[in-house]
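Encoded as structure tokens, the structure appears first; notes follow it.
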Amino acid sequence: MKYYKKIFAVVLAALIVLYTPCISFASNSKTGGNSSEYEEYHDQINFDDLMLYVVNKTDILVDVDPTISIFKKIGAKNQKEKYNKYIKEHPEAKTEMLNMVNDSDYLCAISYTDAPLLFAGDHYERIPKNNTANINSFGLKAKAADISITSDASLRHRLTLKTTITRRGTSNPYTYYPSTSGTWENSASLFDGETQPAGGNDFVLQSCPTVTSSSVFRSTYNYSTDGSKNGQEGINYFLTDGKDSWVKYEVVDDPVGLAQLKTFSLGQTFRTRTTSSTKKINSYYIHTWKDMSVSVSVSGTAGVTGGSPSAGVALSFTPTIKDKQWQLYNFVSYNW
Amino acid sequence: MVKKRIFKYSLIMVFSIILAFSINLIYYFSTTLSVQDCRNYCLENTERNSTYFSRIGDGRYVEDYAYFIAANGDPDKPQEIFIFKKKFWGSLSFDRYEFIMSSTQSDKNEEDETEFGSIHFFTRNDAGEKETGATLLFFGANMGSDITEYEYTLKVGEKSNIYKKSVTRGEFVWFIKFYDLGNADKNNKKTVSDIKFYDSKGNLVGIY
């Protein structure tokens, strides 16, 4: 009996040694886990172990890649469920992804943070956690004392801050293109916009774990500003600060005027080595309805171009006013 | 006594390794398909009711993928393809494959006169890593389809050129493959666009 136990132990040890290289779990993001005092939902989808393909130019399909190891398939199945949830909550994203595949863009990951908002007469408010009154379609609650509660669906809103990572290149190190975008769902209609005072400019920031080579910004508006709904550099948005791995753009937003911000996107480019540990790209949006400026503090240093990335570069802010502004944060973790 | 024990454990270790390899090999053969198995899989799962599938190789120096295209079947149904990837056992292949995907679009409607199918996807290399460059396939059966030439605009960075080529013809089927799209180098992007299909008389019969 003792002899058989030994044989069994040795066989088991040999099997473990033999299969160890196969047991490499994909590093996936975890849902939630933020310390925000406001209601929000964060998630990330990694596409490395998923098949993303387009049939007849019009149908995008996502499935677990059948060629990966059985252990990776467990993680990939979880990523597929996250993808299904994301598409259910953001149906417009399916078209966006369809276009990405049709453009042959290799999608590494999508990370997003949804923030439910209330339109409070002339500005948007975030909804604090730990509230009591059931108020909106997002299934979230708010204190009646903090925010004027309404059942008017036109006053309920959601802002999604999303970061999409694509890459290009034939071998490691690759060139990465993180793009952070903000989308206002169900923006406010024009409330006597021309007679209302303009709100202060908003701020969009992004920091990368490696020195970046370029940045690009775009904005779109619900109504025509200077003859176009597309924001124009120097008129509707400005690069106002930044160092080697982060940038700060200032963008015009007037929630009750003509320049109602509909979408914005901020992209950077960097070239780095893929590693076995995850590093973060941090994205921030600071919304205000009063003129203010923001000073930025940076912690962490960026990795050099083509080398290994740093642990990440984090930003913190000091606005010149304490109230009439709020922030939204999103991050994406990936094996750079 | 010690020598005897060392011999005994060595024997167990060798036996265990042989056993582990054997289990692994059995798993490899039980989870992969031979070429004939691939063809049978296509016949069992065809939506076009095709009775014959032509096999077309990858066309690259390492034939990692095998494409099986429906050569006949219901002409009112879309063109059909099944894609399989070669699976290696260590560095040995034994010409075994695993199913990756098939074209599963819905029935062709009356307005849609398209005589070709297409799939845009990302392949994996020998090491199992997903490749950054995309692959775009066009395919169809010769039956009911007379596509002989195609024209496309290849753009790399800011430079673009128009090319006209003959389609690759297999046994009763035709096939076009673009690869490494979106991926020219770190600064430039490679894309194909304005893809037009012509019949043997030079008539334009399809646009992608």
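The values are calculated or read from the model by the stated rules, or taken from the named source; none is laboratory data. Predicted, not measured: the structure shown is a model, and the values here were computed from it. With ideal geometry, Cβ positions are generated from the backbone for all residues, glycine too; neighbour counts draw on all protein chains shown.
Before moving on, here are some points about what is shown:
- Test: B:Ile207 is at pLDDT 90 or above and either within 11 Å of chain A (Cβ to nearest Cβ) or in contact with a Phe, Trp or Tyr (Cβ under 6 Å, 6 or more places away or on another chain) (or both): no
- The residues in the range A:23-48 that are at pLDDT 95 or above and in a loop (DSSP other than H, G, I, E, B) can be counted, and the count is 1.
- Flag for A:Asp244 being of a type in the set (Asp, Glu) and within 16 Å of A:Pro178 (Cα to Cα): yes
- For the condition within 14 Å of another protein chain (Cβ to nearest Cβ), in contact (Cβ under 8 Å) with a residue 12 or more places away in the chain and under 25 Å from B:Gly57 (Cβ atoms), B:Phe172 does not qualify.
- Within the range B:67-90, residues that are under 25 Å from B:Leu25 (Cα atoms) have Cβ atoms under 7 Å from residues that are among the acidic types (Asp, Glu) and not in a loop (DSSP other than H, G, I, E, B) in these pairs: B:Phe84/B:Glu98; B:Lys85/B:Glu98; B:Lys87/B:Glu98, counting only partners at least 6 apart in sequence or on another chain.
- Extreme residue, surrounded by the most Cβ atoms within 10 Å (Cβ to Cβ), among residues of the range B:149-173 that are within 21 Å of the chain's Cα centre (by Cα) and β-branched (Val, Ile, Thr): B:Val173
- Test: residue in the range B:93-114 that is under 19 Å from B:Ile176 (Cβ atoms), away from every other protein chain (no Cβ under 11 Å) and either over 19 Å from the mean Cα position of the chain (by Cα) or modelled with pLDDT of 90 or more (or both): yes
- Residues of the range A:224-251 satisfying the condition of being farther than 27 Å from A:Thr305 by Cα and touching a strand residue (DSSP E or B) at 6+ places or on another chain (Cβ under 7 Å): A:Lys229, A:Asn230, A:Gly231, A:Asn236, A:Tyr237, A:Val251
- Within the range A:255-265, being crowded, with 21+ Cβ neighbours inside 10 Å and under 13 Å from A:Gly231 (Cα atoms) holds for A:Ala259, A:Gln260, A:Leu261, A:Phe264.
- Within the range B:44-90, the set of residues being of a type in the set (Val, Ile, Thr), modelled with pLDDT of 90 or more and not in a loop (DSSP other than H, G, I, E, B) comprises B:Ile69, B:Ile81, B:Ile83.
- Residue ID - nearest to B:Lys86 (Cα to Cα), chosen from residues in the range A:71-106 that are of a type in the set (A, V, I, L, M) and either within 14 Å of another protein chain (Cβ to nearest Cβ) or touching a helix residue (DSSP H, G or I) at 6+ places or on another chain (Cβ under 7 Å) (or both): A:Ala76
- Within the range A:103-123, no residue satisfies the criterion of being surrounded by fewer than 22 Cβ atoms within 10 Å (Cβ to Cβ) and among the aromatic types (Phe, Trp, Tyr).
- Within the range B:1-26, the residues that satisfy the criterion of being of a type outside the set (D, E, K, R), loosely packed, with under 14 Cβ neighbours inside 10 Å and more than 30 Å from B:Asp95 (Cβ to Cβ) are B:Met1, B:Val2, B:Ile6, B:Phe7, B:Tyr9, B:Ser10, B:Leu11.
- Test for A:Trp246: is it over 20 Å from the mean Cα position of the chain (by Cα) and surrounded by 15 or more Cβ atoms within 10 Å (Cβ to Cβ): no
- Of all residues making up the range A:91-106, the number that are under 17 Å from the mean Cα position of the chain (by Cα), over 18 Å from A:Leu161 (Cβ atoms) and among the hydrophobic types (A, V, I, L, M, F, W, C): 1
- Sub-6 Å Cβ pairs linking a first residue in the range B:1-16 that is facing chain A (nearest Cβ under 10 Å) to a second residue that is surrounded by 10 or more Cβ atoms within 10 Å (Cβ to Cβ), at least 6 apart or interchain, are B:Ile12/A:Ile7; B:Ile12/A:Val10; B:Ser16/A:Val10; B:Ser16/A:Val11; B:Ser16/A:Ala14, ordered by first then second residue.
- Total residues in the range A:34-70, condition in contact with a helix residue (DSSP H, G or I) (Cβ under 9 Å, 6 or more places away or on another chain) and more than 13 Å from every other protein chain (Cβ to nearest Cβ): 4
- Members of the range B:170-201 found to be at pLDDT below 90 and more than 30 Å from A:Thr166 (Cα to Cα), listed by number: B:Gly170, B:Glu171, B:Phe172, B:Val173, B:Trp174, B:Asp199, B:Ser200, B:Lys201
- Among the candidates B:Tyr163, B:Tyr150, residue that is among the aromatic types (Phe, Trp, Tyr), farther than 21 Å from A:Val55 by Cα, assigned to a strand (DSSP E or B) and modelled with pLDDT of 90 or more: B:Tyr163
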